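Undergrad: The following block contains the structure, expressed as structure tokens.
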Amino acid sequence: MSDAILETAGLTKEFRGFVAVNDVALSVRRGTIHGLIGPNGAGKTTCFNLLTKFLQPTRGTIRYDGRDITGMKPAEVARLGLVRSFQISAVFPHLSVLENVRVALQRQRGGSFDFWRSDSLLRKFDDRARELLEDVGLSTYANLTAGELPYGRKRALEIATTLALDPIMMLLDEPTAGMTHEDVDRIVALVKRVAAGRTVLLVEHNLRVVQGLCDTITVLARGAVLAEGDYAAVSRNPDVIAAYLGTEAPAMENAHG
């Protein structure tokens, strides 16, 4: 079995002549937390959307767990265990917190969410849903309407619904975006906890988060890989410092210190 669970070769995406992702070679080791960072406009989100099949590459290949997934659709790769979250919290605001997780668990029944099934039939998922809420620290919020949750708790709920799909690899898009320091610390601890036995790839702007979480970091700039390594290595790389200069260079220094 290969040490890499997700690999790309020559991954390129062009939009009407603009090269958003340029010949990216990425290798994510199984069982690690891998960060994808870069200044604004670096191509992180486009790369993420290519990996999760929300965009098709112009050129290049993507392999997941030894299988070529380049031409697959998002739902197909999700069924293989490659599951993503989104930068904007995606929950059902008018359902309870418990019901949100239960909807995700209902995927176990096959190709339908079964909204029309009797409530008693669907309650068989409640025990597992409560376990997942316990895992993400939301047990006391189970009966609250999801739309009433504070923003940081909504992101925790989204991670719970992602976990409900039993992913082998989780891809998290800006999991701490827009959060208070308290919420950031809570989500960092949560990601560490749920990463046990899984692989995680995350796009993240907060370099303190990246420093605290990631085994390996890939830095993108202008759509291409600029540097790769652990935080200590990339934070001292002159090319990386130059790429962040005027935007996040001070944050990088503070996070390192």
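Undergrad: Just to be sure I understand, how many residues within region 1-25 are buried (at least 21 other Cβ atoms within 10 Å of the Cβ) and under 25 Å from Gly197 (Cα atoms)?
TA: So the answer is 3.
Undergrad: Can you tell me how many residues in region 41-94 are touching a Leu at 6+ places or on another chain (Cβ under 7 Å) and of a type in the set (Gly, Ala, Ser)?
TA: Matching residues across region 41-94 total 5.
Undergrad: For Lys44, only one of the following conditions fails: (1) among the charged types (D, E, K, R); (2) within 17 Å of the chain's Cα centre (by Cα); (3) farther than 24 Å from Gly212 by Cα. What is its number?
TA: (3)
Undergrad: Could you list, in sequence order, the residues of region 59-70 that are surrounded by fewer than 15 Cβ atoms within 10 Å (Cβ to Cβ) and either touching a Lys or Arg at 6+ places or on another chain (Cβ under 9 Å) or closer than 17 Å to Arg30 by Cα (or both)?
TA: Arg59, Gly66, Arg67, Asp68
Undergrad: Specify the residue that is farthest from the chain's Cα centre (by Cα); the eligible residues are those in region 207-244 that are buried (at least 22 other Cβ atoms within 10 Å of the Cβ) and assigned to a loop (DSSP other than H, G, I, E, B).
TA: The residue in question is Gly223.
Undergrad: Among the residues of region 39-95, count how many are of a type in the set (Ser, Thr, Tyr) and in contact with a Ser or Thr (Cβ under 7 Å, 6 or more places away or on another chain).
TA: Residues that pass the stated criteria total 4.
Undergrad: Which condition number in (1) modelled with pLDDT under 85; (2) within 30 Å of Asp185 (Cα to Cα) is the one that Ser118 fails?
TA: Failed condition: (2).
Undergrad: Might you let me know whether region 179-200 holds any residue that is in a strand (DSSP E or B) and in contact with a His (Cβ under 8 Å, 6 or more places away or on another chain)?
TA: Yes.
Undergrad: Under 7 Å by Cβ, and 6 or more places apart or on different chains, what pairs join a residue from region 75-92 that is modelled with pLDDT under 90 with one that is assigned to a strand (DSSP E or B) and not aliphatic (A, V, I, L, M)?
TA: What qualifies is Arg84/Asp173; Ser85/Asp173; Phe86/Asp173; Gln87/Asp173.
Undergrad: Considering (1) free of Cβ contacts under 8 Å to residues at least 40 places away in the same chain; (2) outside the structural domain of Lys44 (by TED's automatic domain parsing); (3) farther than 17 Å from Leu105 by Cα, say which one Leu163 fails and leave the rest.
TA: Failed condition: (3).
Undergrad: In this structure, is His181 under 24 Å from Tyr231 (Cβ atoms) and buried (at least 16 other Cβ atoms within 10 Å of the Cβ)?
TA: Considered against the rule, which asks whether it is under 24 Å from Tyr231 (Cβ atoms) and buried (at least 16 other Cβ atoms within 10 Å of the Cβ), His181 comes out as no.
Undergrad: While we're on this one: Quick one: which residue in Arg153, Arg123, Arg130 is modelled with pLDDT of 90 or more and basic (Lys, Arg)?
TA: Going through Arg153, Arg123, Arg130 in turn, just one is modelled with pLDDT of 90 or more and basic (Lys, Arg): Arg130.
The values are calculated or read from the model by the stated rules, or taken from the named source; none is laboratory data. On a predicted model such as this, the values are computed, not experimentally measured, just so you know. Glycine also receives a Cβ, built like all others from the backbone with ideal geometry; neighbour counts cover every protein chain displayed.
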